[in-house]
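The values are calculated or read from the model by the stated rules, or taken from the named source; none is laboratory data. The structure displayed is predicted, hence computed values, not measured ones. So basically every Cβ, Gly included, is an ideal-geometry build from the backbone, and we count neighbours across all protein chains shown.
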Amino acid sequence: KMAFCIKHVDSGLVLDVKGADKKSGTEIVLWGYNGQENQLWEYKNEMVDVFQTFGSACPHSLHCGSSVRLNLRNTLLLVLDISGGNHGAPVITFKGHGGGNQKWYFEDDFTIRNGTGMVMDVEHGAAAPGTRIIGYPKHGAPNQKFRIVPFNRK
């Protein structure tokens, strides 16, 4: 499978499993790219695994608006989830169960929408290392813009 990181467009920081913790319920934060496993993700769509190169906002072989699960690389169980699916709730790792709070949609405006209707958001717009990623209603500000970047070992 092709691994990738999720990069905040404005700051260049990436989504990172806080403290590289592999426990369910661990928060996702922004951090400088280091290529470690806690920053790498893989797609799992509801029907097939998706293998492709990545484009600007949406992967080439995945239509914008298609639902995928975002699995933490090299784990079979942990996926990105909005804890409780509520406004302002943290994005966390959680055991995959297929609920709406674990389905993600890549939009052509660089937002990543959750099945609950919330989008990934840098909490308080404070794009600094360690800032939490939360689910928040879409407003289109820079703190809600992310792009997919293929993993490069170099």
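Is at least one residue of the stretch 99-106 surrounded by 18 or more Cβ atoms within 10 Å (Cβ to Cβ), under 21 Å from G19 (Cα atoms) and either touching a residue at least 24 places away in the same chain (Cβ under 8 Å) or touching a helix residue (DSSP H, G or I) at 6+ places or on another chain (Cβ under 6 Å) (or both)?
No: the stretch 99-106 contains no residue that is surrounded by 18 or more Cβ atoms within 10 Å (Cβ to Cβ), under 21 Å from G19 (Cα atoms) and either touching a residue at least 24 places away in the same chain (Cβ under 8 Å) or touching a helix residue (DSSP H, G or I) at 6+ places or on another chain (Cβ under 6 Å) (or both).
Can you name the condition, by its number, that Y33 falls short on among (1) modelled with pLDDT of 90 or more; (2) touching a helix residue (DSSP H, G or I) at 6+ places or on another chain (Cβ under 8 Å); (3) more than 22 Å from H8 (Cβ to Cβ)?
The number of the failed condition is (3).
Out of the stretch 89-98, which residues are more than 13 Å from the chain's Cα centre (by Cα) and either surrounded by 14 or more Cβ atoms within 10 Å (Cβ to Cβ) or closer than 19 Å to L13 by Cα (or both)? Lay out the reasoning, then the answer.
If we filter the stretch 89-98 for residues that are more than 13 Å from the chain's Cα centre (by Cα), which is where we start, we get 89, 95-98.
Answer for the stretch 89-98, where residues must be more than 13 Å from the chain's Cα centre (by Cα) and either surrounded by 14 or more Cβ atoms within 10 Å (Cβ to Cβ) or closer than 19 Å to L13 by Cα (or both): A89, G96.
Report whether or not W41 is at pLDDT 60 or above and out of contact with any Phe, Trp or Tyr (no Cβ under 7 Å at 6 or more places or on another chain). Spell out how you get there, then give the answer.
On the way: at pLDDT 60 or above: yes; out of contact with any Phe, Trp or Tyr (no Cβ under 7 Å at 6 or more places or on another chain): no.
In short, no.
Is one or more of the residues making up the stretch 95-103 in contact with a strand residue (DSSP E or B) (Cβ under 8 Å, 6 or more places away or on another chain) and either within 18 Å of K7 (Cβ to Cβ) or modelled with pLDDT under 70 (or both)?
Scanning the stretch 95-103, I find no residue that is in contact with a strand residue (DSSP E or B) (Cβ under 8 Å, 6 or more places away or on another chain) and either within 18 Å of K7 (Cβ to Cβ) or modelled with pLDDT under 70 (or both), so the answer is no.
Could you say which residue among D49, D21 is modelled with pLDDT of 75 or more and over 17 Å from V149 (Cα atoms)?
Sole residue among the options that is modelled with pLDDT of 75 or more and over 17 Å from V149 (Cα atoms): D21.
Please find, within the stretch 130-154, the residue that is nearest to D81 (Cα to Cα) out of those that are in a strand (DSSP E or B) and out of contact with any helix residue (DSSP H, G or I) (no Cβ under 6 Å at 6 or more places or on another chain). Talk me through it step by step, then tell me what you get.
Kept after step one, since they are in a strand (DSSP E or B), are these residues of the stretch 130-154: 132-136, 146-150.
Imposing the further condition that a residue be out of contact with any helix residue (DSSP H, G or I) (no Cβ under 6 Å at 6 or more places or on another chain) reduces the set to 133, 135-136, 146-150.
Numbers: I133: 11, G135: 9, Y136: 13, F146: 16, R147: 18, I148: 18, V149: 20, P150: 21 Å.
Among those that are in a strand (DSSP E or B) and out of contact with any helix residue (DSSP H, G or I) (no Cβ under 6 Å at 6 or more places or on another chain), it is G135.
What is the residue count in the stretch 87-114 for residues that are under 13 Å from K138 (Cα atoms) and assigned to a loop (DSSP other than H, G, I, E, B)?
Adding up the residues that qualify gives 6.
Can you tell me which residue within the stretch 132-144, out of those that are touching a residue at least 60 places away in the same chain (Cβ under 8 Å) and buried (at least 20 other Cβ atoms within 10 Å of the Cβ), is farthest from E37 (Cα to Cα)? Please lay out each step first, then the result.
Narrowing the stretch 132-144 to residues touching a residue at least 60 places away in the same chain (Cβ under 8 Å): 132-133, 142-143.
Filter once more, so that each one left must be buried (at least 20 other Cβ atoms within 10 Å of the Cβ): 133, 143.
Details: I133: 18, N143: 24 Å.
Checking each candidate, the answer is N143.
From the residues in the stretch 1-41 that are in contact with a Leu (Cβ under 8 Å, 6 or more places away or on another chain) and acidic (D, E), which one is surrounded by the fewest Cβ atoms within 10 Å (Cβ to Cβ)?
E37
Which condition does D121 not pass, out of (1) surrounded by fewer than 22 Cβ atoms within 10 Å (Cβ to Cβ); (2) closer than 17 Å to D10 by Cα; (3) modelled with pLDDT of 80 or more, if it passes all the others?
Unmet for D121, out of (1) surrounded by fewer than 22 Cβ atoms within 10 Å (Cβ to Cβ); (2) closer than 17 Å to D10 by Cα; (3) modelled with pLDDT of 80 or more: (1).
In the stretch 107-117, is there at least one residue being surrounded by 14 or more Cβ atoms within 10 Å (Cβ to Cβ), closer than 15 Å to M2 by Cα and at pLDDT below 90?
No: the stretch 107-117 contains no residue that is surrounded by 14 or more Cβ atoms within 10 Å (Cβ to Cβ), closer than 15 Å to M2 by Cα and at pLDDT below 90.
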